[in-house]
Amino acid sequence: MPLFAKNNTPLSDPQALERHIKQALAVRIPHGLDIEIAYQIVKRIFNPMVTGAQNIPKEPCLFVGNHSLFALDGAIIRPIFLKELQRFPRAMGDKFLFSIERVANILVKQGIVMGHPDVCGALMDARQDLLLFPGGAYESVKPKSKLYELQWKERYGFVKLAAAHGYTIMPFGLVGPDEFYGHLMEGQDLPDTALGKLLTHLGVLNNNIRSDMIPPIPIGSLGTALPKPQRCYLGFGKPINLSRHKGKTLSKKTVQAVRAQAAQAIENQLTQLLIKRERDKGKESFLRRLLTL
């Protein structure tokens with residue numbers, strides 16, 4: 001039976017949504033050679049530093065952080081969470097990622113789930129860790145001028161869900177992946193260029209695509225398609241325990257206050273990590289400095 005409704009709306013059918021939830025709950029903590037290889041690659045190429053891990057409580061958490069360019073953060077933090085932190089947060093992805101059944105099945109097997117309230121609620125009922133980037137696709141295509149700035153717009157759903165289930169919000173900041181690629185051209189400038197006009201003619205770009213959702217044209221290490229080996233810094237702030245709100249409906253003022261607290265904690269981590277990285281620049285090898293130009 002297909003996972004998706006005929007109108008191609010991701011998991012729009014209640015039965016399909018239920019199947020997705022069952023699939024998500026059936027996934028077990030990954031282990032084995034592939035995880036070890038991924039971890040060693042991340043360690044050797046990006047040399048990540050983790051700070052504030054002692055702030056992470058033992059109980060299940062909703063990890064909330066800043067999203068990186070092209071969503072490349074997942075490749076960095078997944079092996080770190082599994083190998084160093086011994087946690088398996090279920091990453092919540094935008095609904096459009098699940099519009100193709102084959103892709104959706106691969107994502108679910110990797111532990112990634114659709115960012116839907118029912119899916120999130122089921123995982124919280126099962127006392128599992130979750131991972132969320134409230135900025136979603138907006139942050140993953142941001143221009144260079146917005147690096148390490150949260151693009152959350154009016155998203156408050158994660159606070160309401162965490163409170164309803166008495167979950168702890170665990171804010172974190174990540175520095176590095178935003179600069180794996182330079183910006184040869186910003187996405188918002190693309191439509192007015194010759195390339196943009198060609199893409200419009202081919203139907204790749206159209207009036208239904210917002211300019212702030214067009215990704216930049218990337219350029220990698222030494223002008224290649226390879227990512228720049230920027231050292232990564234992952235920092236955890238203080239947990240926001242919402243257990244006292246379990247089963248309650250929060251007032252708008254409280255929801256806004258909790259969201260602001262989470263955002264401020266992430267921004268504080270980003271500031272501290274950027275300062276730390278600046279201090280460490282002199283310690284980097286000549287090869288790393290060359291490849292990250």
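The values are calculated or read from the model by the stated rules, or taken from the named source; none is laboratory data. This is a predicted model, so every value here is computed, not measured. Methodologically, a virtual Cβ is constructed for each residue, glycine included, from the backbone with ideal geometry; neighbour enumeration extends over all protein chains shown.
Here GLU149 passes the criteria (1) in a loop (DSSP other than H, G, I, E, B); (2) more than 16 Å from the chain's Cα centre (by Cα); (3) modelled with pLDDT of 90 or more except the one numbered (2). Residues in the range 214-270 that are in the same structural domain as PRO171 (by TED's automatic domain parsing), part of a loop (DSSP other than H, G, I, E, B) and among the β-branched types (Val, Ile, Thr): 1 in all. The number of residues in the range 252-293 that are of a type in the set (Ser, Thr, Tyr), within 25 Å of the chain's Cα centre (by Cα) and surrounded by fewer than 15 Cβ atoms within 10 Å (Cβ to Cβ) comes to 1. The set of residues in the range 109-146 that are in a helix (DSSP H, G or I) and farther than 23 Å from GLY176 by Cα comprises LYS109, PRO117, ASP118, VAL119, CYS120, GLY121, ALA122, LEU123, MET124, ASP125. If you check LEU33, LEU69, LEU3, LEU11 for being over 24 Å from ALA122 (Cα atoms), crowded, with 17+ Cβ neighbours inside 10 Å and modelled with pLDDT under 95, only one passes: LEU69.
Residues in the range 37-64 that are among the aromatic types (Phe, Trp, Tyr) and more than 17 Å from PHE88 (Cα to Cα): PHE46 alone.
Scanning the range 101-125 for residues that are over 15 Å from LEU62 (Cβ atoms) and of a type in the set (Asp, Glu) gives GLU101, ASP118. Residues that are out of contact with any helix residue (DSSP H, G or I) (no Cβ under 7 Å at 6 or more places or on another chain) and surrounded by fewer than 19 Cβ atoms within 10 Å (Cβ to Cβ) within the range 139-152 comprise LYS144, SER145, LYS146, GLU149, listed in sequence order.
Residue check: is VAL27 in contact with an Asp or Glu (Cβ under 9 Å, 6 or more places away or on another chain) and surrounded by fewer than 18 Cβ atoms within 10 Å (Cβ to Cβ)? Considered against the rule, which asks whether it is in contact with an Asp or Glu (Cβ under 9 Å, 6 or more places away or on another chain) and surrounded by fewer than 18 Cβ atoms within 10 Å (Cβ to Cβ), VAL27 comes out as no.
Where in the range 35-108 are the strands (runs of 3 or more DSSP E), entirely inside, with at least 3 residues that are touching a residue at least 60 places away in the same chain (Cβ under 8 Å)?
Result: 49-51, 61-65.
The C-beta contact set for the range 176-204 (first residue not assigned by TED's automatic domain parsing to the domain that holds ALA75 and among the basic types (Lys, Arg), second residue surrounded by 15 or more Cβ atoms within 10 Å (Cβ to Cβ) and assigned to a loop (DSSP other than H, G, I, E, B), distance under 9 angstrom, 6+ apart or interchain) comprises LYS197/LEU205.
Comparison of GLY237, GLY176 shows that the only residue that is on the phi > 0 side of the Ramachandran plot, surrounded by 20 or more Cβ atoms within 10 Å (Cβ to Cβ) and either aliphatic (A, V, I, L, M) or at pLDDT 95 or above (or both) is GLY176.
Table: residues versus (1) among the hydrophobic types (A, V, I, L, M, F, W, C); (2) within 23 Å of GLU186 (Cβ to Cβ); (3) without any contact (Cβ under 8 Å) to a residue 12 or more places away in the chain.
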{"position": "PRO227", "(1), (2), (3)": "no, yes, no"}
{"position": "CYS232", "(1), (2), (3)": "yes, no, no"}
{"position": "GLY235", "(1), (2), (3)": "no, no, no"}
{"position": "LEU270", "(1), (2), (3)": "yes, yes, no"}
{"position": "ARG288", "(1), (2), (3)": "no, no, no"}
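When GLY111 is tested against the conditions (1) surrounded by 19 or more Cβ atoms within 10 Å (Cβ to Cβ); (2) touching a helix residue (DSSP H, G or I) at 6+ places or on another chain (Cβ under 7 Å); (3) among the small types (Gly, Ala, Ser), the lone failure is (2).
Taking residues in the range 272-286 that are outside any helix (DSSP H, G or I), and partners anywhere that are surrounded by 12 or more Cβ atoms within 10 Å (Cβ to Cβ), the pairs with Cβ atoms closer than 8 Å and at least 6 places apart or on different chains are GLU284/ARG231.
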